[in-house]
Amino acid sequence: MKYIMFEDFSGQPVPFIFPQRVDHADMREQMPYTKVLSAGYVIMEKGEFTCFGSSSELQASAQPEDAEIIARKFSRRGDIPA
């Protein structure tokens, strides 16, 4: 899978994960956020996320903290509306 990490309107990082067949630039055009923090590829193996690579179109690379941010988003029950 591919991902782009954006800065949301409150200044927090928010990841968008999407299929390989979608270009980073095409996904970028669909998002309302202005600032791209990082971009690349994400895999999950043995319950852990790993982020790597980059997006030449967005001039952004995977960052060491991205996998932890993505994992937190998947584990927080508070992010899910009741």
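The values are calculated or read from the model by the stated rules, or taken from the named source; none is laboratory data. Here the structure is a predicted model, which means the values were calculated and not measured. Heads up, the Cβs are rebuilt from the backbone with ideal geometry, glycines too, and the neighbour counts pull from every protein chain shown. Keep in mind that these areas ignore ligands, DNA and RNA; they rest on the heavy atoms of the full protein, side chains included. Shrake-Rupley method; radii C 1.70, N 1.55, O 1.52, S 1.80 Å.
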Restricting the range 42-60 to residues that are under 14 Å from the mean Cα position of the chain (by Cα) and part of a loop (DSSP other than H, G, I, E, B), the residue that is nearest to ALA71 (Cα to Cα): GLY53
The one condition in (1) more than 11 Å from the chain's Cα centre (by Cα); (2) open to solvent by less than 60 Å² (accessible area, probe 1.4 Å); (3) not acidic (Asp, Glu) that VAL14 fails to fulfil: (1)
Residues (assigned to a loop (DSSP other than H, G, I, E, B) and in contact with a strand residue (DSSP E or B) (Cβ under 6 Å, 6 or more places away or on another chain)) located in the range 1-16: MET1, ASP8
Residues of the range 42-76 that turn out to be hydroxyl-bearing (Ser, Thr, Tyr) and surrounded by 17 or more Cβ atoms within 10 Å (Cβ to Cβ), as a count: 1
Tally of residues being in a helix (DSSP H, G or I) and either open to solvent by 40 Å² or more (accessible area, probe 1.4 Å) or in contact (Cβ under 8 Å) with a residue 60 or more places away in the chain (or both) across the range 17-41: 4
